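Undergrad: Okay, handing you the structure first.
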Amino acid sequence: MATDLGRDRVIDYQHDDFEKAAGKDDLILAVNGHVDWKILKAHLKKDGILVGVGASYLPASFLQSFFSKRVRYFSYFLKPRAAYYNEMQMLVMKKEIKPFIDKVYPITQVSQSIQYVMNEPPQGKIALRMHF
């Protein structure tokens, strides 16, 4: 999915050894928090940027203290507010962003969907289908 978005290099923690991956990166997009912050820092160039997706439970100012002034850290997490969801919907409708659904489960299989998330970290969102 990330290569479709034009990334030069993509490391999938399920298949690639991030610690042994060669190169210094200008930007790292860390999703799901699987890799240790020290390892991420070691892979960044000076003035590199680390973006943590879904790590808003730790304030950026707190995480920034782990990094030198030569590395910038940002976290992003969509807070549950209607205005944010409306804005995201508009971006999707304009095709400015593309949502990625990993798997769809019927509402009767909620427990299976949770098991999937726990056992195989999804690449995208898990959706539950409800029939009214």
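The values are calculated or read from the model by the stated rules, or taken from the named source; none is laboratory data. The model shown is predicted, which means the values in this text are computed figures rather than measured ones. Don't worry about glycine lacking a Cβ; one is built from the backbone with ideal geometry, like all the others, and counts go over all protein chains shown.
Undergrad: Mind checking whether some residue in segment 39-48 is more than 17 Å from the chain's Cα centre (by Cα), basic (Lys, Arg), modelled with pLDDT of 70 or more and in a helix (DSSP H, G or I)?
TA: For segment 39-48, residues more than 17 Å from the chain's Cα centre (by Cα), basic (Lys, Arg), modelled with pLDDT of 70 or more and in a helix (DSSP H, G or I): absent.
Undergrad: I'm trying to understand the selection: among the residues of segment 94-116, which are of a type in the set (A, V, I, L, M, F, W, C), out of contact with any strand residue (DSSP E or B) (no Cβ under 6 Å at 6 or more places or on another chain) and free of Cβ contacts under 8 Å to residues at least 60 places away in the same chain?
TA: Listed by number, the residues that qualify are 97, 110, 114.
Undergrad: Scan segment 61-74 and give yes if some residue there is at pLDDT 75 or above, outside any loop (DSSP other than H, G, I, E, B) and among the hydrophobic types (A, V, I, L, M, F, W, C), otherwise no.
TA: So in segment 61-74, the residues at pLDDT 75 or above come out as none.
Checked against the condition, which is being at pLDDT 75 or above, outside any loop (DSSP other than H, G, I, E, B) and among the hydrophobic types (A, V, I, L, M, F, W, C), segment 61-74 yields no hits at all.
Undergrad: Does residue 92 satisfy being among the β-branched types (Val, Ile, Thr), farther than 26 Å from residue 12 by Cα and in a helix (DSSP H, G or I)? Can you show your working first?
TA: Numbers: among the β-branched types (Val, Ile, Thr): yes; farther than 26 Å from residue 12 by Cα: no; in a helix (DSSP H, G or I): yes.
No: the conditions fail for residue 92.
Undergrad: Okay, moving on. Exactly one of these conditions fails for residue 95: (1) at pLDDT 75 or above; (2) on the phi < 0 side of the Ramachandran plot. Give me its number.
TA: Residue 95 satisfies all of (1) at pLDDT 75 or above; (2) on the phi < 0 side of the Ramachandran plot except (2).
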